[in-house]
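Undergrad: After the C-alpha cells below, expect a handful of questions from me.
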Amino acid sequence: MVTAANRLSEALHNWADWNLIAPLAAAPRLGPVLSEGSGHVLFELLDEPSLVARVRRRPTSEVEGAFSGEVEIWSAAAAAGIAPALVYVDRQQQAVICERAGQTSHPITGAALGHLMCAIHTLPKVNRRLTLRADAVSYLSSVPAEQHSAWQAIVHSTDIDQAFSLLEQDTDYLCHNDLTVGNLLTQGDQLFAIDWEYAAMGSRYFDVAIAMADLPLVEQPLLAERVLGQSLSNALLTAGCNIAALMTALWQHRFDPSQAPDPRNDLSWLPRQ
C-alpha cells in the first residue's frame, strides 16, 4: 500500500532542485505528521525547520485539474505575500515542499480576515470557475439512501435555486472559497491562507459566507463590510450564507459523515431568511 509518506519520496529525492535562495547541503529527512485534514497530510522536515512537506491524500474538489489549478493560484498568492512560498512541486504525486507558517496565536478578527480576502480578490483571474450547483448534485450521491429524497428536495427547492442563480449572476472574482480557521496561518504579522484547492472564479458573497461561519457573531458583519463595502447586497449575502451552509452539509456527507446533518429532522443549519 502506497502511503502519504511514500508519495513524498520523489520530492525529497530531488532536494537539489528545490527553489531556495540558499541551496541545501544534503537531503532532508521526513519528520512526523504535523496535521492531517480531509484532503492533505502535512509533514515536518527534521533538517529544515523552515520548510514543510504536504501531500494530497485524496481529492476533495469537484473542479477538474484541481491540483494544477491550486498550484497556479497558490504561486500567485505567494508572490503577493499572502501564502507560504512553494519551493518544489511534484505534480505526479500531488506533493509540495513549502515554507512553514505558524498557527494563529490569537482570535481572527473580521477586519484582518477581510484584509486578506480583499488581497485574494485582486489576484489575477484564472480559467476555472466554481461550479456550486453541479457540485451539490454530485454530492447528493454520497448522502444515505434514506435521506436522499429530503436532500434532493432542498437542493432543487425554489429558494435554493434562486440563491444559486443570484450567485451565478454576480460579478466573478478569484476567491479562496475555504477561508476557515484551519486554513489560516501567520508569518510575523501577516495572515496567510493555505489549502487553495477550492480557489476559483466566483461570487465574493459565497467566499465571505464560508469564512463568516468560523467567526464570532460580532466579527461577521465586520468581515462582510470590509470585503463588500457600500455595495453590500443583503439579498446576495443571504444567498451566499444559504448556499455555503448547504454545500458544507453536503460536503460533510461525502468527507466527514459523522458531522453531517439529517434534513428529515434538523434544518437549523440552513440559515434561510
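Undergrad: Whole Å is fine, so just give me how far the alpha carbon centre of the range 169-206 lies from that of the range 19-69.
TA: 19
Undergrad: When the chain is modelled as a GNM with alpha-carbon springs shorter than 10 Å, which of ASP189, ASP170, ASP90 fluctuates the most?
TA: Largest GNM mean-square fluctuation: ASP189.
Undergrad: Here is a further query. Apply the Karplus parameterisation 6.51 cos²θ - 1.76 cosθ + 1.60, with θ equal to phi minus 60°, to every residue of the range 114-130 and state each ³J(HN,Hα) to the nearest whole Hz, in sequence, with x for glycine and proline.
TA: Those phi angles translate into x, 4, 4, 4, 4, 5, 5, 5, 9, 5, x, 5, 10, 9, 8, 10, 5 Hz.
Undergrad: Also: Can you tell me the FRET efficiency between ASP262 and GLU225 if r is taken as the Cβ-Cβ distance and R0 is 35 Å, rounded to the nearest 0.05? Before the final figure, lay out the partial values.
TA: Details: r = 35 Å, r/R0 = 0.99.
With a Förster radius of 35 Å, E is 0.50.
Undergrad: So, with +1 on the Cβ of K and R and -1 on the Cβ of D and E, and no other charges, what is the size of the charge dipole of the range 110-259 about its Cα centre, to the nearest 20 debye? Provide the component values of the computation, followed by the final result.
TA: Working: 7 positive and 16 negative charges, 57 e Å.
Charge dipole of the range 110-259: 280 debye, to the nearest 20.
Undergrad: Taking 7 Å along the Cα-to-C-beta vector as the label spot, tell me the SER165-LEU24 distance in nanometres, rounded to one decimal.
TA: So the two model labels end up 5.5 nm from each other.
Undergrad: Moving on. Considering amide H positions built from the backbone, and no H for Pro or chain starts, which residues 5 or more places from SER35, or on another chain, come under 5 Å of its amide H?
TA: The list, which skips near neighbours in sequence, is LEU42.
Undergrad: How about the range 20-101: which trypsin sites (Lys or Arg not before Pro) there are in a DSSP loop, with at most 14 other Cβ atoms within 10 Å of their Cβ? Don't jump to the answer; show the numbers that get you there.
TA: Details: sites: ARG29, ARG54, ARG56, ARG57, ARG91, ARG100; in loops: ARG29, ARG57, ARG91, ARG100.
Answer in residue order: ARG29, ARG91.
Undergrad: Among [x] 20.2; [y] 18.6; [z] 19.7, only one was calculated for this model; which label is it, if the read-out is Kirkwood radius over Cα pairs in Å?
TA: Only one option fits the structure, namely [z].
Undergrad: Moving to a separate point now. What residue among PRO107, PRO216, PRO257 has the largest mean-square fluctuation in a Gaussian network model of the chain, using Cα springs under 10 Å?
TA: Maximum fluctuation in the GNM of the chain, among the listed residues, is at PRO107.
Undergrad: If one takes the longest principal axis of the Cα atoms in the chain, at what angle in degrees, from 0 to 90 and to the nearest 10, does the Cα axis of helix 234-255 lie?
TA: 60
Undergrad: Less than 11 Å from a label point 7 Å out along the Cα-to-Cβ axis of ASN6: which backbone N atoms in the range 20-58 qualify, by residue?
TA: Once the point is set 7 Å along Cα→Cβ of ASN6, nothing inside the range 20-58 turns out to lie under 11 Å by backbone N.
Undergrad: Each residue of the range 156-164 in turn: what ³J(HN,Hα) in whole Hz from Karplus with 6.51, -1.76, 1.60 and θ = phi - 60°, glycine and Pro shown as x?
TA: 9, 6, 4, 4, 5, 4, 5, 5, 4
Undergrad: On to the next question. Assign unit charges at the C-beta atoms only (+1 for Lys and Arg, -1 for Asp and Glu), then state the dipole size of the chain relative to its Cα centre in Debye, rounded to the nearest 20. Walk me through the numbers before you get to the answer.
TA: Values: 17 positive and 30 negative charges, 36 e Å.
It comes to approximately 180 debye.
Undergrad: For the residue pair ASP47 and ASP172, what label-to-label distance in nm results when each label sits 7 Å from Cα along the Cα-to-beta-carbon direction?
TA: 4.5
Undergrad: Then there is this: Points 7 angstrom from Cα along the Cβ direction at THR158 and ARG272: gap in nanometres?
TA: Each label point lies 7 Å from its Cα, and together they span 1.1 nm.
Undergrad: Among bridges DSSP assigns within the range 110-259, what percent are antiparallel (round to 5)? Let's see the in-between values first.
TA: Values: 7 of 8 bridges.
Expressed as a percentage, antiparallel bridges in the range 110-259 total about 90.
Undergrad: Only helical DSSP H runs with n ≥ 4 go in: add -39500 (n - 2.57) per run for the chain, normalise by residue count and round the 222 nm mean residue ellipticity to 500 deg cm²/dmol.
TA: Computed ellipticity for the chain at 222 nm equals -11000 deg cm²/dmol.
Undergrad: Once the piece of chain linking HIS148 and THR186 is laid out straight, how much longer is it, given 0.36 nm per residue of separation minus the C-alpha distance between them?
TA: On the way: separation 38, 0.36 × 38 = 13.68 nm, distance 4.07 nm.
Result: 9.6 nm gained on full extension.
Undergrad: Using only C-alpha atoms and all pairs of different ones, pull out the Kirkwood radius for the range 1-130 in Å with one decimal. Mind showing how you got there, number by number?
TA: On the way: mean 1/r = 0.0624 Å⁻¹.
After inverting the mean inverse Cα-Cα distance, the result is 16.0 Å.
Undergrad: Give me a comma-separated list of calculated 3J(HN,Hα) values for the range 45-53, in order, Karplus coefficients 6.51, -1.76, 1.60 applied at θ = phi - 60°, integers in Hz, x for any Gly or Pro.
TA: So the Karplus estimates, Gly and Pro as x, are 10, 4, 8, 9, x, 8, 10, 9, 10 Hz.
Undergrad: Only Cα pairs within less than 10 Å get springs; with that Gaussian network setup on the chain, which residue of ALA224, ALA80, ALA199 has the largest fluctuation?
TA: ALA80
No value in this document is a laboratory result; all are computed from the given coordinates. Since we're looking at a predicted model, the values are computed, not measured. Please note: Cβ atoms are built from the backbone with ideal geometry, for glycine as well, and neighbour counts cover all protein chains shown.
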